[in-house]
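Below: one structure, written as structure tokens.
We did not get these values from a lab; they are worked out from the coordinates using the rules stated. Bear in mind the structure is a predicted one, so any value in this text is a computation, not a measurement. Virtual Cβ from ideal backbone geometry, glycine too; neighbours counted across all protein chains shown.
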Amino acid sequence: MKRRQTYETHSVLALLAVLLFMSSEGHAQRTPYRIFLIDKGPGVFAPGEPLYEQTLQQYHPNAIRRRTLAGMDPVLDELDRPIHDDYRKQVLAISDSLLTSNPWMNYLVVGLNENEYERVKALECVRSVSPANSVSYKLSLPERCGPVPETFQSEMLRVGNVNELHDAGVFGQGARVGVIDNGFRWKAMSSLSHVNVEDEFDFIHRRPITANQDNDVPLQDEHGSVIMSVAAAWYGDQVMGVAPFSTYLLAKSEDMRYERRIEEDLYVEALWWVERSGADISSSSLGYRYFDSSDATTPYELLNGSTTFPARAINIASQRGMICLTAAGNSGPSSRTIITPADADSALAIGGIALDGLSAWSNSSWGPSASGRQKPEFAAPAERVPVQQVNGLVGRASGTSLATPYVAAQVALLRQLYPAVHPSYIRQAMIDASRFGRQTDSVLGHGALDVARAARILGPSIAEPAVVITAGGMVVLAPIFAIDTLRPMLYQRANASTPEIAIQGEYLIGNWYAFRLQEAYYDGNTTQVRIVASSQATKRTAVFPASAEMMSVSRGAVSIPCGMRIPSIIVSVDETPEPLAEVRVAGMPLARHSRTLDVRGLDTTPLSVRITNAVTGATYACEVLGHDQSTLSVMTPSALGTGTWVLEFRLPDAVVHCSLIVL
């Protein structure tokens, strides 16, 4: 949300200006108009036809795959048909001041003076012409599509249980996220310099760069840059985003010089571009209802989910298999304060909560929509959220603008694990895994999403495994998400011409399974493996790798996906791990309420010691009391409860772990 976005270090400044359209020859002042065309022109738009095939070439392969998954056959329909070129030429022959256009809505937005207005209106190809600063839709307009069914930041990430997926090495790899905002200075921010931005476009100035340029106001790109740090930051300046390794498509449509209705049209074009470019998910922290005095306000009764241009665009994009998330707004706490396109039938509108995961953020907008639909759908952190600002400083900000990319990035984590699952199943899993489940209200919707639980509900899915060395040999560690305990199998072979051996996985803890490789099934220094996991609960099966190729493992080589946290009960993660059998806690099992531990087998005094609860993951620093040739004495910060605990010893050249049992 641009409006009422709160920053605790400094506020976003919106500079107001008047948009004038003047021709190079000094023609009379031009005003932007929406020019609606009568149709898409003559001829058939179908597979095999030249225009269809030419248009299809402009779509990213992932857009085609996603549309096919959503049940579109053929994958392009009449809404995707380009604006008829002859109609476009007729309009632009009168005025070449084209601001934007969109095939979904079948209109052009063009600057016209009074004379040009009359001439364009008289064209036979034009259905109607209306000022872009007016409300150009009515309740009687037909619905054009049916909606698809529904560190420093660790405290924020815990609200949605993002940490559990991060620990498994799941950071959104392969998922494609389109973000629509006021600009992105991602190349200059340390937390975003790693981001895989496949494409970006400025729909205001029609150029392929979204960071501030000379003709932008000073803070034009601040808001979009800040929300990107919530979605995609990676370690830089102590900030961690939810999906830092997803592929991003960045669209700049919000003009900070004013608040005008033309921005709705730019938003529609940006969303169309994002969908065509193959995004699985769209995230927009923008909204429209109130405008500068020159432009009409949108009455709330028009926020009925299928009338405003942004809402209709989201419904169309959702019908094409894209999951669209948008901010509820910052105008609470009172009912019927959401903005469009949060009202869209197919949109996932995101409200705001505090970092406790329960309390509503005081300014979060409430539903329902004008049609009575419960809004928002979900909620995420929106109060004192850690972010990086465009000046490089790390601070905190508030607003549903921050909540929206958080949930969009959570969906990216799910898309990584389930690239072929229908959006409606993802949406239902999100509901079932939310704090309030199928109960909902018009303040927080279903509440905060537990994304790891949603991953299990959709399961099984196998994230990229790690290969480590233990005292017992080479081990493949696989994070497998499912709602039931599985009996996964690893199939190992020396090469494609040799027989396989089936190795049953050993359940460790949480989502983790271990497979111990067999020395006899190597071809020289390499072996090939595939993991298969079937769930009795869901009757579904997961395979890794999903392709026909098997995963190659090299003898003696440790391989750990970036960001993965290996379960400490299994092994040291160093290239030359310490044999765990030599390090042990004396006197096990320990009695409940123990605090002082005697550890045997360490020759070097550790630099630090910490202890982790193997079930909850809670970690605490320990104090070293003394170390002689045989025993290291450490003290835990509080009495230990019953269960399994893991000690971690950081040595100058290694990290060593050992487990202990408290009864």
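General remarks:
- Between Gln439 and Arg336, the distance separating the two model label sites (each 7 Å from Cα on the Cα→Cβ line) works out to 2.7 nm.
- The C-alpha atoms of the range 459-542 occupy a region whose extents along the principal axes are 39, 29, 17 Å, arranged from largest to smallest.
- Total formal charge among the other residues, if their Cβ is under 13 angstrom from that of Val120, Lys/Arg +1 and Asp/Glu -1: +2
- Counted residue by residue at 0.36 nm each, then reduced by the alpha carbon distance between them, the extension gain from Ala546 to Ala639 reaches 28.9 nm.
- Computed from the alpha carbon atoms alone, the convex hull of the range 449-507 holds 114 Å³ per residue.
- Alpha-carbon centroids, the range 448-481 and the range 177-191: separation in whole Å: 31 Å
- Where labels lie 7 Å past Cα in the beta-carbon direction, separation of Phe36 and Arg592 in nm: 7.2 nm
- Approximate spin-label separation Ala496-Ser534, in nm, with each point projected 7 Å along Cα-to-Cβ: 2.6 nm
- Note on the range 255-414: Kirkwood hydrodynamic radius from all Cα pairs is 15.8 Å, rounded to one decimal.
- The DSSP beta bridges internal to the chain are antiparallel in roughly 75% of cases.
- Comparing Cα centroids, the range 320-363 and the range 523-550 end up 39 angstrom apart.
- Nonlocal amide H pairs with Glu200, under 5 Å, H built at 1.01 Å: Leu250
- Formal net charge of residues neighbouring Pro637 (Cβ-Cβ distance under 9 Å; K, R +1; D, E -1): 0
- ³J(HN,Hα), Karplus 6.51/-1.76/1.60, whole Hz, each residue of the range 266-278, x for Gly, Pro: 5, 4, 4, 5, 5, 5, 4, 5, 4, 5, 5, 7, x
- What the pair-distance distribution of the chain shows, using all Cα-Cα distances binned every 10 Å from zero, is 3, 15, 23, 23, 17, 10, 6, 3, 1, 0 percent.
- Vicinal HN-Hα couplings computed from phi for the range 47-59 (Karplus, 6.51 cos²θ - 1.76 cosθ + 1.60; Hz; Gly/Pro x): x, x, 6, x, 5, 4, 5, 5, 5, 4, 5, 7, 9
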